[in-house]
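Written below as structure tokens is the structure these notes are about.
The values are calculated or read from the model by the stated rules, or taken from the named source; none is laboratory data. Every value quoted in this text rests on a predicted model; they were computed, and no experiment measured them. Methodologically, a virtual Cβ is constructed for each residue, glycine included, from the backbone with ideal geometry; neighbour enumeration extends over all protein chains shown. Accessible surface is based on the protein model in full, side chains and every heavy atom, while ligands, DNA and RNA are left aside. Shrake-Rupley method; radii C 1.70, N 1.55, O 1.52, S 1.80 Å.
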Amino acid sequence: MTVTGISHADSTKSGVAHITISAPLAVSVTVAPTSASVTVSATQALTATVANDPSHAGVTWNLSGAGCSGSACGTLSATSGSPINYTAPATVPTPATVSVVATSNADSNAKDHATITITSAVQPIAVSVSPRIVAVTTSQRPTFTANVTGSTNTSVNWRVDNISGGNSTVGTVSAGGLYTPPSTGGTHTITAISQADSTKSGSATVAVTDLAAIVTFHVDVARTGHNPKEFALTPARVGTPGAFGKLFACAVDGQVYAQPLYVANMSIAGGTHNVLFVATEHDSVYAFDADSAACTQFWKTSFLGPNITPGDPIDTLENGDLIPEIGITSTPVIDVGRGAIYVVAKTKESGTYFQRLHALDLTNGTEKFGGPTEIQATYPGNGSGGNIFDPLRENQRAALLLLNSVVYIAWASHGDHSPYHGWIIGYDAGTLQRMTIFNTTPNGDEGGIWMSGGGPAADSSGNIYVMTGNGTFDPAATIPPVAPDNDFGESFLRLSTAGGLAVADFFTPANQDNLNLHDWDLGSGAPVVLPDSMGSSAYPHLLLGADKQGSLYLIDRDNMGRYSAVANANLQTEQVLTTAPCILCGFFDTPAVFGDRIYVAPISNTLQSYEITNASITTSAGSVDAATDLTLRIPGAVPVVSSQAGANGIVWLIDARGNGTNGNALGPAVLRAYNATNLAGNALYHSDALPADQAGNAVKFVPPLVANGKVYVAGQSLITVYGLTP
């Protein structure tokens, strides 16, 4: 457009202006930032700049997303104005992008948006290792797994006891977490360190035991009941709720009155395994994988067959002590060097009774050394039954003893039904040939060696110690005994094995006639050869035993005191401590030994501990400790102890009141564990606390077996296994 201006003074004068007319500028909106990455639940500030809006009407904000709607897309701190805050949702939508749109209030066509990508929260790097704790023997190689979070780099570097890759002393660990233990026992820490962040790590514990085997009753031939090579089970771990409990149970074909036995790192079934051996009253012997929850059975050997059955309690006139059959009652013994387990089985064959010594191959259960050997014996003298061994009457209850390549077997009776004697017969472990015979009452009767299933004990000099029950005793007995004054009922005996079994010394309580009269067997308990650390310079060699009346006997093994009609006439050679003088308050157990303490579990009382120092059982304040949470009923319990080379001691026992005999109702065995240094506190663990931890029904006189982080509880047709939970 042209505009002309003319002068009023001189109309001939004028000027021209050229004007261009254009449309108004459009309103525009710009959002900043145009894109952002926001973690879940985090906030991002956004601004909107509006141009060409003379009205300053502002903007309106809203959200949109292909994979979300509403609050699932996040929230805005305001729907108008600028700046505003966008808060991402708590979870990442799919797809994980949201548009935050600003629209001009002056012109709805004027808008802009920011593209927000929502990401998961950034996690700090963390490392965990599983399993958290594992118990192994020296041949087992567990694999540990490292779980790394917070990084895409999940690789780790492994250490053992802070040594990269470990070494032969602490064990080694591969890049894949495979641990190879050392040849010695101990507890080690396995650590996985994040390669993405070396300050982040996780760890686990491996407990290595160099326990080769438990081949005899109550751990060793001294019968101390102490396994010092248990590195996985500590009071802290066992006492932590949920950390210890029932792992699995394995069925067998009969009641298990014999303590199970254990051999580690054994070559069997084409591999190396830890093996558990179990003998039953149904005359069977089993070899199980000791660690298998599937109850892997390597072999089973039965001594039954056509017209061959276990013994019948009706025939033996049994008073319900063994039910419902009598087969293998005593704890066998294992000779690892010869690869044999020795078992005494009682069978009834076409109406006739036999007892036989079997030596079974550890690897396959077949007979070795030309066995079995039928047990037969006679003995000089004019004792009852003509001193002829009677396989029907004689009850092979005491555990077997292997000493200097001879298997020693002891007998008593079934329910005190005469005629019977206390026999000990020794057989060559390599040939099964009979080597020696001993009869406790060759000119009398009874004098059985049953000891509630405990075994003859032995010292380092090759002497054997037993305790006899009711039977003939000759007050005029001397050393060496001379017939007819050579009957030793109600006595402690030291038997020399040099040149055959012979009484080398003895101790008989002054009240032996009263014990005999009232059936208060001295031999209801079993002897323990105490370590020399409990002795004194004058009396370095001690023997401990307990009786049915509730008395503990501490005896000088070098001078046992023999017999005197005056009670405690030889206080320098024996000490008698009566804890509860009554027939139903006595001991039916083998005491356990740990440090300077012994542990006993009498009937109608609780688990108790006594200090033995300087050749004396001390009963002063602070030296006697007793559990407070359990009063035992018949038959009491047989305690054992596990420790880590003398530290972290745990006392274990089975409350067997549910054994179904002696007026007890039938019920589960109850495993209990106590801190060995503080019995007065409540039990660390008891298996009746949780229904899922219940064991099989109880049997009498059998102690638990503790090995390689597991505890094996024998019962009626079931072995229940406890240990550290996953």
Interchain or sequence-distant (5+) residues whose placed amide H lies within less than 5 Å of the amide H of Ala135 are Ala207
Note, region 171-182: 3J(HN,Hα) by Karplus (6.51, -1.76, 1.60, θ = phi - 60°), whole Hz, Gly/Pro = x, goes x, 10, 9, 7, 4, x, x, 7, 9, 10, x, x
Scoring only Lys, Arg, Asp and Glu (+1, +1, -1, -1) among other residues with Cβ under 13 Å from the Cβ of Ser174 yields +2
For the table Lys300/Lys346; Lys346/Lys700; Lys246/Lys548, the rows whose alpha-carbon distance is greater than 22 Å are Lys246/Lys548
At 37 °C in a medium of viscosity 0.692 mPa s, the chain has a Stokes-Einstein diffusion coefficient, with Rh taken as the Kirkwood radius over alpha carbon pairs, in µm² per second, of 109 µm²/s
So, relative contact order of the chain in percent, Cα under 8 Å, 6 or more apart, is 10 percent
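Carbon and sulfur atoms: what percent of the 1.4 Å accessible area of the chain do they account for?
Carbon and sulfur: 52 percent of the exposed surface of the chain.
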Per-residue ellipticity at 222 nm attributable to helices in the chain (runs of n ≥ 4 DSSP H, -39500 (n - 2.57) apiece, nearest 500 deg cm²/dmol) works out to -500 deg cm²/dmol
Farthest towards the positive end of the dipole of the chain, among Phe506, Ser418, Pro310 and with Cβ unit charges of +1 on Lys and Arg and -1 on Asp and Glu, lies the Cα of Pro310
Any lysines whose Cα falls less than 16 Å from that of Lys229, other than same-chain ones fewer than 8 residues away, would be Lys710
Most packed first (mean Cβ within 10 Å per residue), the peptides 208-219, 174-185 order as 208-219, 174-185
per DSSP, antiparallel bridges as share of beta bridges in region 325-474, % nearest 5, sits at 95 percent
For the chain, the dipole about the Cα centre with charges only on Cβ (Lys and Arg +1, Asp and Glu -1), to the nearest 20 debye, works out at 2520 debye
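Under a 1.4 Å probe, what is the accessible area of the chain per residue, stated in Å²?
Value for the chain: 38 Å² per residue.
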Once the in-chain neighbours fewer than 8 apart are removed, the aspartates and glutamates whose Cα is under 17 Å from Lys111 read Asp53
Rounded to a whole number, the Stokes-Einstein D of region 398-550 in µm²/s (Kirkwood radius over Cα pairs; 37 °C; 0.692 mPa s) is 212 µm²/s
Projected onto the charge dipole of the chain (unit charges on the beta-carbon of Lys, Arg, Asp and Glu, signs +1, +1, -1, -1), the Cα from Thr472, Ala483, Val238 with the largest positive-side position is that of Val238
